[in-house]
Amino acid sequence: MAVAFVALVAFSAVLARLTLAPSHASADIVTANLSPGSSLRQYAEDYTFLAACKQVGGNLLLGVPFGVLLPVFIPRPLRMVRVIALTVAVMALVELAQGAVVEGRAFDVDDVILNTTGALLGYLLLGRRLAHATAIKPVKAEKPAKSEKATRPAKSTRSAKATRPAKSAKAARSAKPAKATRAAKSAKATRSAKATRSGKSGKSAKLANFIKLGRPRVRRRR
């Protein structure tokens with residue numbers, strides 16, 4: 001950017017030297033031109049080919065540095081429009097100074113058009129690339145590195161989550177044998193209860209038969 005600023009200052013000095021220097025030889029010939037295209041028709045009709053190329057090419061080259069250097073200092077939104085507007089404003093002021101102050105020179109609207117066209121060509125060919133190359137890119141903030149202490153609790157929570165289902169599965173497995181033992185115990189208890197009940201009933205039946213047999217039979221009198 002510093003190099004572009006120095007080049008812009010140097011170009012401004014050259015522009016002032018070329019456009020604001022008096023021309024005594026053409027003091028009686030030059031006239032102001034306010035209609036666009038009038039001077040261009042004059043170049044094509046009255047001038048030789050080399051003289052016309054010199055006039056047109058010189059005005060185009062004067063506008064090229066605007067399109068190359070100004071984009072470096074102008075922000076991106078509507079950059080091309082701003083470059084063109086600033087070129088038109090500067091060259092219009094130069095032409096007004098020529099017509100008002102400088103001897104042998106006059107205001108010419110076609111010169112402003114040619115200068116602006118040269119600035120547009122300079123911007124499209126080189127200016128926008130130079131602006132992208134010299135633009136300051138924003139630095140992305142780096143994410144803070146995770147410390148080992150911060151990662152350890154995460155690992156422990158993961159291991160705890162992993163062990164919970166295992167514990168629950170073990171508890172379910174251990175609960176099944178407990179249920180089976182309970183069912184077996186209850187079955188044994190019911191069997192023993194039935195056996196004791198049947199034993200008691202058998203003993204009572206034997207006792208009743210014994211009592212019946214032991215009684216003396218009493219013969220009835222006829």
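The values are calculated or read from the model by the stated rules, or taken from the named source; none is laboratory data. Since we're looking at a predicted model, the values are computed, not measured. Here Cβ is always computed from backbone atoms with ideal geometry, including for glycine, and neighbour counts include all displayed protein chains. All accessible areas refer to the heavy atoms of the entire protein, side chains included, with ligands and DNA or RNA removed. Shrake-Rupley method; radii C 1.70, N 1.55, O 1.52, S 1.80 Å.
When residues in segment 6-26 are screened for being surrounded by fewer than 13 Cβ atoms within 10 Å (Cβ to Cβ) and hydrophobic (A, V, I, L, M, F, W, C), 9 of them pass. The residues in segment 75-103 that are over 29 Å from Ser26 (Cα atoms) and assigned to a helix (DSSP H, G or I) can be counted, and the count is 8.
Yes/no matrix, rows are residues, columns are (1) in contact with an Asp or Glu (Cβ under 7 Å, 6 or more places away or on another chain); (2) in a helix (DSSP H, G or I); (3) not polar (S, T, N, Q):
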site: Val3; (1), (2), (3): no, yes, yes
site: Val6; (1), (2), (3): no, yes, yes
site: Val9; (1), (2), (3): no, yes, yes
site: Val14; (1), (2), (3): no, yes, yes
site: Arg17; (1), (2), (3): no, yes, yes
site: Ala25; (1), (2), (3): no, no, yes
site: Asp28; (1), (2), (3): no, no, yes
site: Pro36; (1), (2), (3): yes, no, yes
site: Ala44; (1), (2), (3): no, yes, yes
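Of all residue pairs spaced 6 or more apart or on separate chains, those with beta-carbon atoms under 9 Å, a first member in segment 1-22 that is in contact (Cβ under 8 Å) with a residue 24 or more places away in the chain and a second member that is among the hydroxyl-bearing types (Ser, Thr, Tyr) are Met1/Thr134; Ala4/Thr134.
Would you mind stating whether Pro75 is within 22 Å of Leu130 (Cα to Cα), open to solvent by 40 Å² or more (accessible area, probe 1.4 Å), at pLDDT below 90 and not basic (Lys, Arg)?
Numbers: within 22 Å of Leu130 (Cα to Cα): yes; open to solvent by 40 Å² or more (accessible area, probe 1.4 Å): yes; at pLDDT below 90: yes; not basic (Lys, Arg): yes.
Judged against the criteria, Pro75 is a match.
In segment 29-52, of all residues being touching a residue at least 12 places away in the same chain (Cβ under 8 Å) and among the β-branched types (Val, Ile, Thr), the one that is most open to solvent (accessible area, probe 1.4 Å) corresponds to Thr31.
Does segment 24-34 include one or more residues that are modelled with pLDDT of 90 or more and under 30 Å from His132 (Cβ atoms)? The answer is no, given that none of the residues of segment 24-34 is modelled with pLDDT of 90 or more and under 30 Å from His132 (Cβ atoms).
Residues checked against (1) closer than 30 Å to Gly37 by Cβ; (2) among the polar types (S, T, N, Q); (3) modelled with pLDDT under 95:
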site	(1), (2), (3)
Glu103	yes, no, yes
Ala106	yes, no, yes
Ala135	no, no, yes
Lys140	no, no, yes
Ser156	no, yes, yes
Lys167	no, no, yes
Ala178	no, no, yes
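For segment 53-62, does any single residue satisfy the condition of being of a type in the set (S, T, N, Q), under 14 Å from Val109 (Cβ atoms) and in contact (Cβ under 8 Å) with a residue 60 or more places away in the chain? Looking for residues that are of a type in the set (S, T, N, Q), under 14 Å from Val109 (Cβ atoms) and in contact (Cβ under 8 Å) with a residue 60 or more places away in the chain, one finds none in segment 53-62, hence no.
Checking Gly67, Gly104 one by one, the residue that is at positive phi, in contact (Cβ under 8 Å) with a residue 60 or more places away in the chain and open to solvent by less than 20 Å² (accessible area, probe 1.4 Å) is Gly104 and no other.
Gly57 falls short on exactly one of the conditions (1) within 21 Å of Leu120 (Cβ to Cβ); (2) in a helix (DSSP H, G or I); (3) open to solvent by 70 Å² or more (accessible area, probe 1.4 Å), and that condition is (3). Within segment 86-101, being farther than 18 Å from Val64 by Cα and open to solvent by less than 30 Å² (accessible area, probe 1.4 Å) holds for one residue alone: Gln98.
Remark: pairs (first residue in segment 122-142, over 16 Å from Leu78 (Cα atoms); second residue open to solvent by 100 Å² or more (accessible area, probe 1.4 Å) and modelled with pLDDT under 90; Cβ separation under 6 Å; 6+ apart in sequence or on different chains) = Thr134/Met1.
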